[in-house]
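Here's the structure we're looking at; comments come further down.
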Amino acid sequence: MGAGQSVPKITKQDRAILDLKLQRDKVRQYQKKIQAVLDREHEIAKQQLAAGRKDRALMALRKRKYQESLLVKTDAQLENLEKLVSTIEFSLVEVSVLHGLQQGNEVLKEIHKELNIENVERIMEETAEAREYQREIDEMLAGSLSLEDEEAVQAELQQLQLQTLEVSEERPIDLPSVPTEEPATPAKAPEPEHRSQETERVPVAA
């Protein structure tokens, strides 16, 4: 495997959840042992009672009752462990969601900084100033020309417009090319010369 692969980082929360799950598994294993003891004591009580030893049968049942109380306690401990694991895991999900919301809020704040009223007004003022500057330039240029110069400019503009129109009209239209060679036709056999002469000698009817 390549050395560049990242190794998942184990956090304190991961270790805490792992420890709790290990304890939960130990409690379950302990419950299995208790259940085995309960079954064995129940069988012993039956055997002792069948043998006529009532006191020993009673002792086995008392042991069995004590093991049942331990089993109830382990059930409560197991339930607490499972609830704790679920609570921690859900809290980690909440923290992850909260972190995502925090990052989103930071992005929104940056966007709002760019879209605040001062920046918008500044941009609008700059745009208005640029338009005003352009208008002043246009007025200055228009005022600096004499009447003759202005007429010459207008005449030049009209000439350019006519040239543009002529170029657009003279622009050839792309049409499909027509073949220049005539299609080949089968050659006719030449008529006999004497036949054509006889035809010329036939008198034309009046």
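What the table shows:
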| quantity | calculated |
| --- | --- |
| Unmet requirement for residue 31, which otherwise passes all of (1) at pLDDT below 85; (2) of a type in the set (S, T, N, Q); (3) surrounded by 12 or more Cβ atoms within 10 Å (Cβ to Cβ) | (1) |
| Which numbered condition residue 70 misses (of (1) loosely packed, with under 11 Cβ neighbours inside 10 Å; (2) in contact (Cβ under 8 Å) with a residue 12 or more places away in the chain) | (1) |
| Some residue of the range 109-127 being closer than 30 Å to residue 33 by Cα, of a type in the set (S, T, N, Q) and at pLDDT 85 or above | no |
| Hits in the range 124-138 - residues which are within 29 Å of residue 114 (Cβ to Cβ) and of a type in the set (Asp, Glu) | 125, 126, 129, 132 |
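The values are calculated or read from the model by the stated rules, or taken from the named source; none is laboratory data. All values derive from a computational prediction rather than experimental measurement. Using ideal geometry, Cβ is built from the backbone for each residue, glycine included, and neighbour counts are taken over all protein chains shown.
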